[in-house]
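Written out below as structure tokens is the structure these notes cover.
The values are calculated or read from the model by the stated rules, or taken from the named source; none is laboratory data. Being a predicted model, the structure only gives us computed values, none of them experimental. Counting neighbours? That spans all protein chains shown, and the Cβs are built from the backbone with ideal geometry, glycine included. Surface areas here come from the heavy atoms of the whole protein model, side chains and all, with no ligands, DNA or RNA. Shrake-Rupley method; radii C 1.70, N 1.55, O 1.52, S 1.80 Å.
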Amino acid sequence: MPSVLELVRDKALESWTAEGILGESVQVVAAPLTTEQAIGRPGYGDFPIQKGKERLMEARFRNARGQAFTDHFDHYAGTLGEVAALPLDSNFSRAVFVATLNAVLRSAGQTSNTIHCRDAGPGECAAGLSGFIAKRFGSPRVGLVGFQPAMIGALSVAVELRVLDLDPDNVGQVRRGALVEGPDKAAEVLAWADVFLVTGTTFANGSISSFLLDKPVVFYGTTIAGAATLMGWERYCPRSE
């Protein structure tokens, strides 16, 4: 059975083939951004990208840019057809494809908000999150998947919150008012929460299928911009460009 990534790639490839752009001499370049280039100075010091655990890969296609978070970063250049043919068996290859997907759909006007917010943006994004949840879902128990310190700080004082993350430096620690729990608690949190906020990085690292649930799921971040458009997933990312 195809993975979620493969299903999204098949949708994209069908569209790109119909548009006749696979055969064009188009260069797609993805390169890791520095922390300053990616998020500026947000006023927090514990984002994963600031700790060196992740970097943003950026693809440029025609006049558009698309990004993807990954923990395996390097430079890549190739045609759109070559990107579409990459095996999706490593975090690097997946990040190149995901960033490229975001850039191509942005170029076609099919998706938006593909560039990570900078400076005050993360704080402003988080400040509006509890209001967004209240308007959409009332007063739910919220499961946050992925360590996003600004969101944790905003939600921990507004809703019942549990946080899941993979980073052993975070697991078992109280961060921004919430205990960060590890994979061993995933099933418990999935059963407990009414609504999930899930990092788009799950799409790039291939773990997203665990969070496509029969409960409301809202993905956050720029990484999942193109996939959310193609698949009809809800996304929260109001301060990105």
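Below is a table of values for the structure above.
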| quantity | calculated |
| --- | --- |
| Sum of -39500 (n - 2.57) over DSSP H runs of 4+, divided by residues of the chain (222 nm, nearest 500) | -9500 deg cm²/dmol |
| LYS215-HIS75 FRET efficiency (beta carbon distance; Förster radius 45 Å; 0.05 resolution) | 0.70 |
| Hydrodynamic radius of the stretch 136-241 per Kirkwood, over alpha carbon pairs, in Å | 14.0 Å |
| Estimated distance in nm for a label pair at PHE132 and VAL157, the labels positioned 7 Å out from Cα along Cα-to-Cβ | 1.9 nm |
| Cβ-Cβ FRET estimate between GLU188 and LYS11, R0 fixed at 51 Å, reported to 0.05 | 0.95 |
| Computed lengthening from ALA85 to GLU19, 0.36 nm per intervening residue step minus Cα-Cα distance | 22.1 nm |
| Gain upon complete extension [ASP119, ASN63; 0.36 nm per residue less C-alpha separation] | 17.8 nm |
| Heavy-atom accessible area per residue - the chain, 1.4 Å, Å² | 44 Å² |
| For VAL218, net neighbour charge (Lys/Arg +1, Asp/Glu -1) across residues whose Cβ lies under 11 Å away | +2 |
| Semi-axes of the equivalent ellipsoid for the chain, Cα gyration tensor, largest first, Å | 30, 19, 16 |
| Charged-residue dipole, Cβ positions (Lys, Arg, Asp, Glu), the stretch 165-241 about Cα centre, Debye nearest 20 | 220 debye |
| Size of charge dipole - the chain - debye, nearest 20, with Cβ of Lys, Arg +1 and Asp, Glu -1, no other charges | 580 debye |
| 5 Å-binned pair-distance histogram of the stretch 165-207 (Cα, whole percent) | 5, 19, 24, 33, 17, 3 |
| Rg/Rg_globular for the stretch 126-185, with Rg_globular taken as 2.2 N^0.38 Å and Rg from C-alpha atoms | 1.08 |
| Taking the C-alpha atoms of the stretch 57-187, convex hull volume expressed per residue in Å³ | 150 Å³ |
| The stretch 185-241: C-alpha gyration tensor shape, a/c 1.5 cut-off, then a/b vs b/c | prolate |
| Area of VAL180 that stays accessible when all protein chains are in place (1.4 Å probe, Å², to 10) | 0 Å² |
| Most to least packed among 232-241, 98-107, 145-154 [average Cβ atoms within 10 Å] | 98-107, 145-154, 232-241 |
| Relative contact order %, the chain, counting alpha carbon pairs below 8 Å whose residues are six or more apart | 21 percent |
| Spin-label pair SER207/LEU179, simplified geometry with 7 Å Cα→Cβ offset, distance in nm | 1.9 nm |
